[in-house]
Structures are given as structure tokens and as C-alpha cells.
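Working notes, beginning with the structure itself.
The values are calculated or read from the model by the stated rules, or taken from the named source; none is laboratory data. Because the structure is predicted, anything quoted here is derived from the model rather than measured. Heads up, the Cβs are rebuilt from the backbone with ideal geometry, glycines too, and the neighbour counts pull from every protein chain shown.
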Amino acid sequence: MRRVLTALALIPVVVFVVFWANFWIFLAVVAAVSFLCYHEYDSIVAGYGFGSPGKLGYALGFLLLVWGGDLALPLVAAALLVMAMAMRGADLAKSIPLSAMLFAGIVYIFGCWHFAFALHEASPHWLMYTLLLNWVGDTGAYFIGRKFGKHKLASRVSPKKSWEGAIASVITAAALAGGYLVWSLPSVPLVSAILLTAVANAAGQLGDLAESALKRGAGVKDSGTILPGHGGFLDRVDSTLFALPVVYAYLKFFA
């Protein structure tokens, strides 16, 4: 019940931000969510014993988030800076892996959220669709997987997930989110909408498993406790992070 109530409380906020908020409110919300996600990522990777990536990630991440040009330059600059600063560590056996975790977190959190701006600029419907395709998919996976799930999807990483639930997630997303995409953006062909939704949903499920693996390696159950019934913000958007670049790639190369 707490999970449902939390979702019902967040839905109107998300709809307002996506469709009616001005640019500065939209930027503030995306940046705030990115910072919260990175904070939770920072706490998780600290459990690996190399230390906490620290505050540099917020600064470099925000730069990547709002960068308006080719992402190659800020990514390369961030990688070089992180590698150079790693040499300051007293224990290079820890500072070098820590720098890798720092860079990975910047790309994982801020790099993926960067594409939310491009999708929103193309049309708020593109961003809403990207948010929907894993949210509705998760609902289908939960109910079908809970009742009919027999074959484990990735038992070592997430024991409760099943192939039946994963398939239900793709089908539910294709029907609901794909339907929304065709309704809101009629220029998108039906076949393209279904295929894109299936691929993006599968990418999102991979993102969910990737975050589960990250937490399991650190011995952490949830990324946080800020969202009752969901855990942390990163737990809620882990699938969206992987879906955002997939939908952006479709817009850039196929639309």
C-alpha cells in the first residue's frame, strides 16, 4: 500500500514538471533528482571499501547534465581530471579504483539524465513516454511475476525477478506506453513504437538488474529510504536511466 500511495503522490508532480513547468523549474527538478541519485550511488559504492567518490562528482556531473554541445569533450575532460586527482591519494591501490567509481557514477547518473533535456526539447510527450515505459512495465512485471513467475531471470543478482515477469513488463509497456506514444505523437509509426518500447523496456530492466548488482556487491538492500515502499530515488529510476539514451538514440538516428 505504501508503494501505491507514494506513486500516486509522485504522478501529479511528474506530470506538472514535464508538461507545464518552465525551463528553470524543469532544470532544478532534474538536477535535484540527479543529485539525490548520485548521493545514493555514492553511499552504495562506499560499501566496496575504497572510500566515497565525494563531492567532485556533483560538480562534474552538473556540468555534464547541462552541457549543450557534444558530450565527448566534457566526458574526456572529466575522465582526465578524475585520473589526475587519483594520484593525490595516499593509497593508490584504493584511489585508482575509487576514481573509476567516481567517473562511472558521473556517466551513469548525470550522463543518462542529460538526455531528459533533449527528449523534453523534442516534445514533452517523448519524455513522458520514456518515464512511462518502465513504470507501467514494472506494474505488469510485479503482478504477473508474483503470480506466475517460475523461471528465475537473474537469481544471483535479484532472486525475485522472473522471465515471466520480464516478458509481462515488455508486453505491458508496449501496449500502454507504446499506445501513449502513438496517440501523443501520431507521426511515430505503430510498428516503430512497439519495437522502440520493447527495446527501451528491456534496457530499463537491464538497468534495474545493474543497480541490484551494484547494491548486492556492496551489501546494501535499498539505495535509500526517501520514498516509502520504493526505497531510494535510484531504486525508483534505475530502469529509466538505461531507457533514456535508448529513446534518445531512436530520435537522433531513426526519427
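The set of residues in segment 207-218 that are aliphatic (A, V, I, L, M) and surrounded by fewer than 17 Cβ atoms within 10 Å (Cβ to Cβ) comprises Ala210, Ala213, Ala218. All of (1) more than 18 Å from the chain's Cα centre (by Cα); (2) at negative phi; (3) surrounded by 15 or more Cβ atoms within 10 Å (Cβ to Cβ) hold for Gly47 with one exception: (3).
Of all the listed residues (Ser95, Ser123), the sole one being hydroxyl-bearing (Ser, Thr, Tyr) and more than 16 Å from Val17 (Cα to Cα) is Ser95.
Please work out which residue is nearest to Gly140 (Cα to Cα), limiting yourself to segment 153-165 and to residues that are of a type outside the set (D, E, K, R) and in contact with a helix residue (DSSP H, G or I) (Cβ under 6 Å, 6 or more places away or on another chain).
Filtering segment 153-165 for residues that are of a type outside the set (D, E, K, R) and in contact with a helix residue (DSSP H, G or I) (Cβ under 6 Å, 6 or more places away or on another chain), the one nearest to Gly140 (Cα to Cα) comes out as Gly165.
Just so you know, in segment 63-94 the residues that are buried (at least 17 other Cβ atoms within 10 Å of the Cβ) and without any contact (Cβ under 8 Å) to a residue 24 or more places away in the chain include one that is nearest to the chain's Cα centre (by Cα), and it is Pro74. Scanning segment 179-235 for residues that are polar (S, T, N, Q) and not in a loop (DSSP other than H, G, I, E, B), we see that the one that is modelled with the lowest pLDDT is Ser212.
Being small (Gly, Ala, Ser) and not in a helix (DSSP H, G or I) is the filter here, so list the residues in segment 144-178 that pass it.
Initial filter on segment 144-178 (small (Gly, Ala, Ser)): 145, 149, 154-155, 158, 162, 165-166, 168-169, 173-175, 177-178.
Result: Gly149, Ala154, Ser155, Ser158, Ser162.
Scan segment 110-130 and give yes if some residue there is within 29 Å of Leu65 (Cα to Cα), among the aliphatic types (A, V, I, L, M) and free of Cβ contacts under 8 Å to residues at least 60 places away in the same chain, otherwise no. Among the residues of segment 110-130, not one is within 29 Å of Leu65 (Cα to Cα), among the aliphatic types (A, V, I, L, M) and free of Cβ contacts under 8 Å to residues at least 60 places away in the same chain, which makes the answer no.
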